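Novice: Pasting a structure below so you can have a look.
The values are calculated or read from the model by the stated rules, or taken from the named source; none is laboratory data. Just so you know, these numbers come straight off a predicted model, no measurement behind them. Cβ: placed from backbone, ideal geometry, glycine included. Neighbour counts: every protein chain shown.
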Amino acid sequence: MSFISWLTSLKQSLRRTDQTNRRSRRRGFSGRRVIERLEDRSLLSAIVVTSLADNTASDGQVTLREAIQAANTDLAVDGSTAGSGADTITFAAGLFSGGDQTLQLSIAGDHEFGPSALAITTPITISGPTGSNGLTIARDSGVANLRLFVVSSAGNLTLQSLTLSGGTHIGGNGGGTNNGGSGGGAGGGHLQSRDAGHSEQHADGQYGTRW
């Protein structure tokens with residue numbers, strides 16, 4: 001074999017080797033799939049109140065009472081978002097387009113510690129409107145004795161950016177966290193408020209308090 005023939009053969013061999021290496025690199029790059037496990041981030045379920053009435057009528061309008069029912073049961077109620085674990089209840093912005101609003105509670109939904117409007121049995125945050133207009137949750141003046149909230153031992157209630165007014169209960173364990181609760185009280189559970197007001201609350205009984 002002449003030197004020129006040998007050199008030509010060597011170039012062709014090197015060219016084939018380079019092409020093979022390039023193909024191998026391309027296959028190796030495209031064939032590698034890296035799958036990373038993402039951090040488990042469970043989002044709080046947001047349940048939106050669309051009506052300031054106090055009822056459980058099947059009318060496609062979600063009241064606070066129905067939103068709490070959805071949160072307590074992890075089910076959809078009257079078209080609401082289904083609750084899921086710890087829930088946050090908010091209010092549709094359109095409810096406050098005309099100014100400050102009052103949601104009047106008149107139905108006793110729980111009687112374990114006396115007449116209580118709304119029972120909390122799971123972790124729930126109730127957040128009032130974020131705009132300039134506010135929300136007051138009050139006892140209807142036509143009802144003599146009605147605690148606004150009662151929180152069970154399994155429950156946890158956080159109230160923020162709203163005002164409680166007129167909650168009252170006579171008899172039993174009245175206020176604070178001594179089982180009964182007053183305007184918004186605890187039946188062995190935990191209640192806290194953030195930027196929330198309390199006015200004209202009253203409770204009489206063994207542990208009656210006013211707050």
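Novice: In the range 62-91, what residues are modelled with pLDDT under 95 and of a type in the set (Lys, Arg)?
Specialist: Passing the criteria: none in range.
Novice: Name the one entry in 40, 59 that is surrounded by fewer than 21 Cβ atoms within 10 Å (Cβ to Cβ), of a type outside the set (Phe, Trp, Tyr) and either at pLDDT 95 or above or part of a strand (DSSP E or B) (or both).
Specialist: Residue meeting the stated conditions: 59.
Novice: Let me ask something else about it. Going by the conditions given, is residue 142 more than 21 Å from residue 192 (Cβ to Cβ) and either in a loop (DSSP other than H, G, I, E, B) or of a type in the set (D, E, K, R) (or both)?
Specialist: In short, yes.
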